[in-house]
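Encoded as structure tokens, the structure appears first; notes follow it.
None of the figures in this text is laboratory data; all of them are computed from the coordinates on show. Note that the coordinates shown come from a computational prediction; the quantities given were computed from them, not determined experimentally. Reconstructed Cβ throughout: ideal geometry from the backbone, glycine too, with neighbour counts over all protein chains shown.
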Amino acid sequence: MIHILLVEDDKDQAEIIQAHLARNAEEFQLKHAFNTSEALRFIKQQAFDTIILDYNLPEMTGLELLEFIRPEIKDTPIILITGAGNEVIAVQAMKQGVFDYLVKDKDYFKKLPLIIRNSCEKAILQRQLRQTRQRYAKLFQFSHDAVLILDSRNLQIVEANMRAVELFAATQHELQNNSLLQYCDASMQKILHLALGRVCENQREEIDCLLMQDGHGEHWETEITLNLIEDEPVTFIQCILRDITEKRMLQRQILKSKKRLQALFDSVHDLISVQDRNYSIVMVNNRFAEWCGGKPEKLIGQKCYLTYFKRQEPCPECPLSETFASGADKFIETQFGDDILHIWANPMPGFDDNQQYAIEHVRIVTEQKRMEEQLIHSEKLATIGILSSGIAHELRNPLNIIEAARYYLADVIPQEQTDLHTKLSIIRVNIQRSSKIISNLLEFSRKSNVERQEADLNYILESTLSLIEKELRHRNILISKNFSAPVISQVNSDGIRHAFLNLIMNAMQAMPEGGELQVRTFIDDLDKNIHVEFEDSGVGIPSKNLKHIFTPFYTTKPIGEGTGLGLHIANSIVSHHDGKIDVQSEEKKGTKFTVVLPATDCN
């Protein structure tokens, strides 16, 4: 229905208008006010889609009434009718925002239905346009980054958001109509100028680091994203500036390859969407669209729980429901498939009196959580090592007592009782073996120093293998040794032993069904360095994973079976000894790790 308010003091005219509209369309619902007081009362009682005002009213003119009621009716379209045409009145009406001006001639009844429909359609379009502008204006003004809109012809700043005003220490008026090059350090103006020129061809350009200066001459580092905005007849450049002065060093270490933020709403790397009270998607950024496997425009109007989580009803712990109910921010942590998600819901006021939205911000923290769990697991392993060291110390005392008793029995039992002496020899051999294992365990678990000494790597390998030879046999892994003697290097024995053990353990875990581990040492004729090879017949490493194997906490094993630290630690130890670790691998055939260390001249 189209609700119409007619303000007309002439009863006959009002009845004619009402009858004519009723004959033309059923959707017209007209309410008649005879005077301004009655019109004001109707306006306060309900909203109208359009208002027809007679210019000549008893108390005041129609335009005077319009000026009085404008705060109440906001952008409701007004149609002004008058008995006699007057150019002055027509101009004044248009200045006051009247949609149309009609003279009460013989044909104006026929024109009225079409004018009413056109006025309502235009009002709807204007309202939608205003809502869209308000949404993007909020995203623009409250962006965490500084955002500038440049005229591509002269690179002058056309518009700047609040963050830009803060960073440049200048007012909106001071920024506008100035070139962005004016705020760039002289040494880097050429880089910025070239990038601004390339963006017109490539649609997008990024500068990792640029030195800028504010209105007071203070310098600060920024990374810049440039996007081309085509708006005929003028083309604009959107410039997003991020202050990285304090975070530059950290970004160089861990975020060099991270994708830069895209323009405004679409530039946020996390998953962002705007939804209404019915969980229908109103807006969505590209990152969330990628995660859902679709395009942003195809997600609009769909239910979030169906699109994001493949559910037929809202999620039980959905933070949006509480945000809509209380108007407060809400945060939850939830599991979705193999991913752990942090979800924030923030209220977003509606763009009209009857609508309200909420912003949903999703961050995938799966890797962070796994790293935390792996760190906890590493701490447990360290505690077990300390405990093992204590147990090894305690085992020495009963072994010494057993050895003393065995020695006494060997002395007092007559030599003729060969069977007993044979059994005593077996006891002696196993006591020596146990003592050797305890010595190796203590040597491995004691606190390492940084001193380096000449050491035979063959001896270190033998003592390391003896620690886990029983476990290797239990796993049906055959050890094949081929040691070239001597292989002397200036090393920290504890550190190298730790590196060797990590490589052996890695090989053992790569052969879950058993296999063969070949350990070889030799001095290469070409580089004159010591080569220690660990070659297994295990599952191998996929080529795509080879570049990550020395990265800390990187592991393809399930949680509880690997920390992702073993190969990283081994590589760090060998690197500190001026060496390196080479790796060759083929899936389903095995892997060979080669430790290369400088040899010590024994002559």
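For the stretch 87-129, the convex hull spanned by the alpha carbon atoms encloses 60 Å³ per residue. Mean silhouette area of the stretch 2-138, derived from the convex hull of its C-alpha atoms and averaged over all directions, reads 8.6 nm².
From the alpha carbon centroid of the stretch 133-181 to that of the stretch 445-520 is 63 Å. As a proxy for reagent exposure, K95, K122, K330 were ordered by neighbouring Cβ count within 10 angstrom, fewest first; the result is K95, K122, K330. Note on the chain: antiparallel DSSP beta bridges, both residues inside, total approximately 75 percent of the bridges counted.
Given labels modelled 7 Å from the Cα in the Cβ direction, how far is it in nm from L409 to K111? Placing both labels 7 Å beyond Cα along the Cβ direction yields 12.5 nm.
Report, please, the projected area of the stretch 453-598 averaged over directions, based on the convex hull of its C-alpha atoms, in nm². Don't skip to the end; give the middle numbers.
Values: hull surface 33.5 nm².
Its Cα hull, projected and averaged over all orientations, spans 8.4 nm².
Counting only Cα atoms, the chain measures 144, 57, 40 Å along its principal axes, largest extent leading. In the stretch 447-540, what GluC sites (Glu not before Pro) fall in a loop by DSSP, with at most 11 other Cβ atoms inside 10 Å? When the GluC sites (Glu not before Pro) of the stretch 447-540 are filtered for loop state and at most 11 Cβ neighbours within 10 Å, E451, E513 remain.
In the stretch 497-556, which trypsin sites (Lys or Arg not before Pro) are in a loop and have at most 14 other Cβ atoms within 10 Å, using DSSP for the loop call? Display every interim value, and only then the final one.
Details: sites: R497, R520, K528, K544, K547; in loops: K528.
Of the trypsin sites (Lys or Arg not before Pro), the ones in loops of the stretch 497-556 whose Cβ has at most 14 other Cβ atoms within 10 Å are K528.
Expressed to the nearest 5 percent, the antiparallel share of DSSP beta bridges inside the stretch 1-147 is 5 percent. With a cut-off of 19 Å on the backbone N, the residues of the stretch 217-239 near the modelled label site 7 Å out from A186 along Cα-Cβ are 217-221.
Separation of the stretch 282-306 from the stretch 565-592 is 43 Å, based on Cα centroids. For the stretch 268-364, the gyration tensor built on C-alpha atoms gives an oblate shape. Its axis ratio a/c (a ≥ b ≥ c) is at least 1.5, and a/b is not larger than b/c.
Helix-only mean residue ellipticity at 222 nm, the chain, DSSP H runs n ≥ 4 weighted -39,500 (n - 2.57), per residue, nearest 500. What is it? Provide the component values of the computation, followed by the final result.
On the way: 19 runs with 261 residues, N = 603.
It comes out at -14000 deg cm²/dmol, rounded to the nearest 500.
Taking label positions 7 Å along the Cα-Cβ direction at both C200 and E232, the computed distance is 1.9 nm, reported to one decimal. By other beta-carbon atoms within 10 Å, ranking V98, V158, V539, V284 with the fewest at the front produces V158, V539, V98, V284. Mean Kyte-Doolittle hydropathy of -0.5 or higher plus an axial Cα length of 18 Å or more: which whole DSSP H helices in the chain meet both? Membrane-span-like by this criterion, though nothing is claimed about a membrane: 189-202, 366-412, 418-445, 457-474, 493-509.
Among T171, T36, T334, sorting on how many other beta-carbon atoms sit within 10 Å of each Cβ, with the fewest leading, yields T171, T334, T36.
Taking amide hydrogens as placed 1.01 Å from N in the peptide plane, the amide H of N56 sits under 5 Å from those of G62, G83, each at least 5 positions away in sequence or on another chain.
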